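To start, the structure itself, in structure tokens.
The values are calculated or read from the model by the stated rules, or taken from the named source; none is laboratory data. Everything numeric in this text was worked out from a predicted model, so none of it was measured. Note that we place each Cβ from the backbone using ideal geometry, even for glycine, and neighbour counts take in every protein chain shown. Accessible surface is based on the protein model in full, side chains and every heavy atom, while ligands, DNA and RNA are left aside. Shrake-Rupley method; radii C 1.70, N 1.55, O 1.52, S 1.80 Å.
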Amino acid sequence: MAGGPDPYIFTSDTLPNDVRFLPPLANGLLGWRVYNNIMHMGGVYNGEGGRCHRADVPCPLAVKVETEEAARHSYSLDTNTGIFTHTLSTASATVSQSLYSHRYYPNLMVMEILMVRQVTSEEPVTVNLVSSFTPKSKDIVFESGPDYKGGSHIQGQTSTAEFPGGSCPSVHLIWKIIPSTLTLLPEQSQARWGFILVVADSLDTAKASFDEGLNLMATGNLRSSHEKAWKELWLHSKVEVTGSDSLCKALIGCMFYLLSAFPSIHDTSSSFGGVSPGGLSNGGDGQDYWGHVFWDQDIWMYPGIGLFYPKLARAVLEYRVRTVDGAKDNAQKQGYKGLKFPWESAVSGREVCPEDIYGQQEIHINGDVTLAFQHYLYLTEDLSMFSEGQGSQVIWGVADYWISRVTWNPEDQQYHILGVMPPDEYYRNVNNSVYTNTVAKFSLQFAAELADLLKHPAPQEWKAVAERIKIPFDKESQYHPEFDGYIKGNPVKQADTVLLGYPLGLPMSPEVRKNDLEVYEPVTDPQGPAMTWGMFAIGWLELGEAEKAQALLQKCFKNIQGPFQVWSESSDGSGAVNFLTGMGGFLQAVVFGYTGIRVQKDSLAFSPLLPNDISELCIRGVNYLGNQMDWLLRKEEVCIVVRQQAGGAEGVKPCDLQVVLKASGNKIPLTPGKPVTFPREPGCVCKLASSSCWPL
């Protein structure tokens, strides 16, 4: 990448014809698609139950810059800094409009205009600022408030609560008034203007944030504080390949948009509203799944973030903890014990899916949620999340749900789970979905394991049911049927049974793993959601078939809509936009596929394999047991360096690590700052194991 264009900057001379593929700018609280007159705020929904959707918030920064003279246009999204810039070059001046959602101060959004004179002249240069903003919303009844320190102010509440008796969130906007023109005076060679917008849920927070913005502008630190926060964020994670510019760019885009959906690593507000498939910039009424949170967050987006950022991983878990009361209500309404997490979640945790059958039957969501908690514990050894952080309520509540949900079958002496919808939503009301039963089994086992760690008495049923849950398997064909009665060759919507190998890690022989891949790959809908092919790719990488994996991964590029690397849910551009679920699956295919990284109870196993066209994979910032590590994978060797022992989650001390080579049995200690290089042993699983921490 040295010497060439910066792969972190996406540039174009034109904007996409479809405005849905304009770049989103978000910071975990506020989300906006550039030039759109609508934005969204995390946790602000309007509508009851299935009508619940992200509330439209009007955006005063919906401004386009125009010049009287003919201009050459260029557009860039700098993912190093999260800044979108429109540059207009005329004979007399260069004008740049920069837009960003502030990465450190989450209530703040910014527009900056820079005009630079190109030729000496005594004539003023004027640009027009064309706004599409109106201070109205179909979801919030706004009224004008008194101006605050020169800023306009509107305030309002959403019209309908998420559930009867629930609260309607308040929204306050304060912004610096944007004129219709800006002029570079004759005596000026250049001039800069800054405009800030604050969106908050209370007047006090809005005023404090506006004060902060004014102070940052006065001291010249508005942009630099934002850029500094993005720089710090990127120091914790980079995924780069050598050999394919398009793959490298795609990975950068995935990481950037995923990180944009999460709060600051310094955020202490505990107000994170989760991650929806289209992110914060999308999700209005009838659009992009209404901005609801699905299993997409826990299974598809979380793993690629959790490997690098323990604090952001914990934010996902804390979001689920805050929805426990709603999950309890869901279970009771269905006639079961414990917790039933909603298939579609907003703020309360009550089911907000517009169609009842998904909330009733797609119950694998419970196991998806607990898998994220389990991986977090194995990556961090942070038990405080489960004690003081109340994560144990989630794990044990889900276990109680499974106990009440299973049915004993005296014929095969196994527990069955009846009447479900698997991840493959082409089927409903089936019995013993192999994916659902497997996540139920694993969440029961983890509940018992956590009870032992916390010295908490566990019902015997947790282990007993886990041992006897039916996992459908066809002995004759040596593969896993998707559910009882599945007919081999029937169409499949998306990755389902293939998820047993990864991310679930159900033990099976290479023969069975291969059979599962070969049975389901040809019958999976080519127009299905984008994350599917990454999971098939991981399966083939596990079996040493790197070129097969790469061919499948190539299919994902059809979902990337240029020039700003925005993903669509389907390859024809339809479906949800800025589809973070697909990005998460793609990122996992590289981060967990090429490396073979698997989060295990007592170690971080890895078995690297690169396809022919990739000569090098660099992954910086892997955080395991408090150690921040950089990995360099080449065809024949692996290099790992512990960058620093920074500690993982709060209060968890870093551990000394050693690489264990399975084939030779050699153990190589890892010392901070000292790179360790060792040959890649084909087919061999290496392990990073703790040599000084308490064993799990």
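Structure data summary
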read-out	value
Matching entry among 684, 655 (being modelled with pLDDT under 85, in a loop (DSSP other than H, G, I, E, B), open to solvent by less than 40 Å² (accessible area, probe 1.4 Å) and under 20 Å from residue 310 (Cβ atoms))	655
Entirely in the stretch 475-560, the helices (runs of 4 or more DSSP H) that have 3 or more residues that are under 22 Å from the mean Cα position of the chain (by Cα) and modelled with pLDDT of 95 or more	532-542
Enumeration of residues in the stretch 324-358 that are within 18 Å of residue 399 (Cα to Cα), assigned to a helix (DSSP H, G or I) and touching a residue at least 24 places away in the same chain (Cβ under 8 Å)	324, 325, 326, 327, 328, 330, 331, 334
Leading residue by the ranking (farthest from residue 384 (Cα to Cα)) among those in the stretch 444-473 that are touching a residue at least 60 places away in the same chain (Cβ under 8 Å) and touching a strand residue (DSSP E or B) at 6+ places or on another chain (Cβ under 6 Å)	470
In the stretch 151-169, the residues that are open to solvent by 40 Å² or more (accessible area, probe 1.4 Å), under 23 Å from residue 198 (Cβ atoms) and hydroxyl-bearing (Ser, Thr, Tyr)	159, 167
Condition met for residue 204 (surrounded by fewer than 21 Cβ atoms within 10 Å (Cβ to Cβ) and closer than 22 Å to residue 26 by Cβ)	no
First in the stretch 286-309 and at positive phi and at pLDDT 95 or above, second anywhere and basic (Lys, Arg) and open to solvent by less than 10 Å² (accessible area, probe 1.4 Å), Cβ under 9 Å, 6 or more apart	290/54; 291/54
Counted residues, the stretch 45-60 - those being assigned to a loop (DSSP other than H, G, I, E, B) and buried (at least 24 other Cβ atoms within 10 Å of the Cβ)	4
Yes/no for residue 48 being modelled with pLDDT under 95 and farther than 24 Å from residue 196 by Cα	no
Selection within the stretch 330-348 - among the small types (Gly, Ala, Ser) and over 19 Å from the mean Cα position of the chain (by Cα)	331, 335, 338, 348
Boolean, residue 126 is part of a strand (DSSP E or B), farther than 29 Å from residue 80 by Cβ and at pLDDT 95 or above	yes
Single residue of the stretch 145-195 satisfying the filter (among the charged types (D, E, K, R) and free of Cβ contacts under 8 Å to residues at least 40 places away in the same chain) that is nearest to residue 131 (Cα to Cα)	176
Which listed residue, of 615, 574, 603, 607, is surrounded by fewer than 24 Cβ atoms within 10 Å (Cβ to Cβ) and closer than 29 Å to residue 24 by Cα	574
Residue within the stretch 569-580 that is among the polar types (S, T, N, Q), under 18 Å from residue 239 (Cα atoms) and touching a helix residue (DSSP H, G or I) at 6+ places or on another chain (Cβ under 9 Å) present	no
Residue list for the stretch 86-142, filter: among the hydrophobic types (A, V, I, L, M, F, W, C), open to solvent by 20 Å² or more (accessible area, probe 1.4 Å), in contact (Cβ under 8 Å) with a residue 24 or more places away in the chain and more than 23 Å from residue 217 (Cβ to Cβ)	91, 119, 130, 142
Members of the stretch 67-122 found to be aliphatic (A, V, I, L, M) and touching a Lys or Arg at 6+ places or on another chain (Cβ under 6 Å), listed by number	93, 114
Qualifying residue in the stretch 339-347 (condition: within 14 Å of residue 52 (Cβ to Cβ) and either small (Gly, Ala, Ser) or surrounded by fewer than 21 Cβ atoms within 10 Å (Cβ to Cβ) (or both))	yes
Boolean, residue 640 is buried (at least 19 other Cβ atoms within 10 Å of the Cβ), more than 30 Å from residue 17 (Cα to Cα) and at pLDDT below 95	yes
Residue within the stretch 417-430 that is within 24 Å of residue 507 (Cα to Cα) and polar (S, T, N, Q) present	no
Any hit, the stretch 267-281, residues being among the hydrophobic types (A, V, I, L, M, F, W, C), outside any loop (DSSP other than H, G, I, E, B) and surrounded by 21 or more Cβ atoms within 10 Å (Cβ to Cβ)	no
